[in-house]
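Contents: one structure, followed by commentary.
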Amino acid sequence: MTESMKKILILSAVALLCSCHSSKLEISGRLVGHEQKMLYVEHSRPGQSSTTDSIRLDETGSYRLTLREAAADPELYLLRCGAEQVPLLLQAGDRVEVNSLGSITHNYTVEGSDESALLREFYSHYTNQLQQLDRLAALHARSSGKEQQRVMEEYAELFRQTKRDQLRFVVENKASLAAIYALYQRLPGDSYLFNSESDVIYYRTVAEAVAESYPESSYVKALQREIERMEQQQQLLSNVKEASFPDLELSDMYGKRVRLSSLEGQVILLDFWSAQLGNSNALNAELKKSYEKYHDRGFEIYQVAVDISKALWINTVQEQQLPWISVSDLQGENSIACRLYQVSKLPMNFLIDRSGEIVGQNLYGEALDRKIDSLL
């Protein structure tokens, strides 16, 4: 082998090595059929998002962008053109082509990135369903009577189908970063993708699967932190069940755990008070009258003491001879019960009917009696 050939081979090897470790990525393509001429690239990491580049489309809608200092693992980039956007999962060395005809969001194609192509499979279907939901919502607002009822039922069925499709994509593609993106998408007015008690199972399944391919990914680490937060919340709310009202399980003064839901079928007054309040004697004396009047007909009081002194609480209950269920976790204002019911002042109460629906709040004296009488 001649010296010149050796040099050529060495230079080729160096060039190949450099290309393998390149921190650049390229995005190019053609966007046709809309009025917007500026294309923006937004880089979205957990907890932060910033516009990294922009370019003016030429007269044919073509563009070419080179982004520097891209990460080794795929990260989320958003191509924005006016009000429309395309999500991409890109990494250093990618050469991606994104084209569209008409609506960018609904009609784009992507080549050169497996994760981005998989994300498109979810995103295009999901946004089409969102568009249909918006159409039905607008139609519902314009209609009335039987037509409005029909539209509402159609909306509800499409809403459920969209969630089922979202769940199916996440489960079938749990080892992809696209699954993490899909996991966090929320429908209008929707707080949870899955059943709230088992959310963490699906999140953990995705996190473990994706971590095998991208152990250093910031998105995996963010998901793991979210799982920790969910598990802590689940532990705090372990006594809360799916119901019309948030369930509680607190200890009475003898240490016996009593569930609020154990009173279902009765009319329940959930009452928050504090033994430290100077007016507790007068308030409880008034409640005693209502209790004596309606208890035998199916009325019960579940009274939560927002206190930290066990001795003060028990002495007050005994001195005032309170006949109903008295409970406390002795956490004061930090009580999980206060957080669940968003108790902002004391006293505060909630009236729950026989079917488990909260039908009144902060009712006292004659107003409370009238409401209890109507429910019984």
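The values are calculated or read from the model by the stated rules, or taken from the named source; none is laboratory data. Not measured: the values here are computed from a predicted model. For neighbour counting, all protein chains shown are included, and Cβ atoms are generated from backbone atoms with ideal geometry for every residue, glycine included. All accessible areas refer to the heavy atoms of the entire protein, side chains included, with ligands and DNA or RNA removed. Shrake-Rupley method; radii C 1.70, N 1.55, O 1.52, S 1.80 Å.
Listed conditions (1) aliphatic (A, V, I, L, M); (2) touching a helix residue (DSSP H, G or I) at 6+ places or on another chain (Cβ under 7 Å); (3) more than 30 Å from Ser23 (Cβ to Cβ) are all met by Leu89, apart from (3). Filtering the stretch 268-286 to residues that are out of contact with any strand residue (DSSP E or B) (no Cβ under 7 Å at 6 or more places or on another chain), buried (at least 19 other Cβ atoms within 10 Å of the Cβ) and small (Gly, Ala, Ser) leaves nothing.
Check whether at least one residue in the stretch 343-365 is assigned to a helix (DSSP H, G or I), open to solvent by 10 Å² or more (accessible area, probe 1.4 Å) and on the phi > 0 side of the Ramachandran plot, and report yes or no. Scanning the stretch 343-365, I find at least one residue that is assigned to a helix (DSSP H, G or I), open to solvent by 10 Å² or more (accessible area, probe 1.4 Å) and on the phi > 0 side of the Ramachandran plot, so the answer is yes.
Taking the criterion of being in a loop (DSSP other than H, G, I, E, B) and modelled with pLDDT under 80, the residues of the stretch 1-39 that qualify are Met1, Thr2, His21, Ser22, His34.
For the stretch 64-99, the candidate set comprises residues that are acidic (Asp, Glu) and more than 27 Å from the chain's Cα centre (by Cα); within that set, the residue that is surrounded by the fewest Cβ atoms within 10 Å (Cβ to Cβ) is Glu69. What residue, among those in the stretch 40-58 that are of a type outside the set (Ser, Thr, Tyr) and outside any loop (DSSP other than H, G, I, E, B), is least open to solvent (accessible area, probe 1.4 Å)? Only one residue tops the list, namely Val41.
Any residue that is under 20 Å from His34 (Cβ atoms), among the charged types (D, E, K, R) and either under 23 Å from the mean Cα position of the chain (by Cα) or in a helix (DSSP H, G or I) (or both) - is there at least one of those in the stretch 114-121? Yes, the stretch 114-121 contains at least one residue that is under 20 Å from His34 (Cβ atoms), among the charged types (D, E, K, R) and either under 23 Å from the mean Cα position of the chain (by Cα) or in a helix (DSSP H, G or I) (or both).
Of the numbered criteria (1) in a loop (DSSP other than H, G, I, E, B); (2) crowded, with 20+ Cβ neighbours inside 10 Å; (3) out of contact with any Leu (no Cβ under 8 Å at 6 or more places or on another chain), the one Asp307 fails is (3).
You will find that of Ala137, Ala70, Ala175, Ala92, the residue that is outside any strand (DSSP E or B) and closer than 28 Å to Val200 by Cα is Ala175 and no other.
A count restricted to the stretch 133-147 and to residues that are of a type outside the set (Gly, Ala, Ser) and surrounded by 14 or more Cβ atoms within 10 Å (Cβ to Cβ) stands at 4.
In the stretch 171-182, the residues that are buried (at least 21 other Cβ atoms within 10 Å of the Cβ) reach residues that are charged (D, E, K, R) and assigned to a helix (DSSP H, G or I) with C-beta atoms within less than 8 angstrom, at least six apart or across chains, in these pairs: Ser176/Glu115; Leu177/Glu115; Ala178/Glu115; Ala178/Glu121. When the stretch 328-342 is filtered for residues that are outside any loop (DSSP other than H, G, I, E, B), touching a residue at least 12 places away in the same chain (Cβ under 8 Å) and farther than 19 Å from Asn362 by Cα, the ones remaining, listed by number, are Ser328, Gly332, Ile336.
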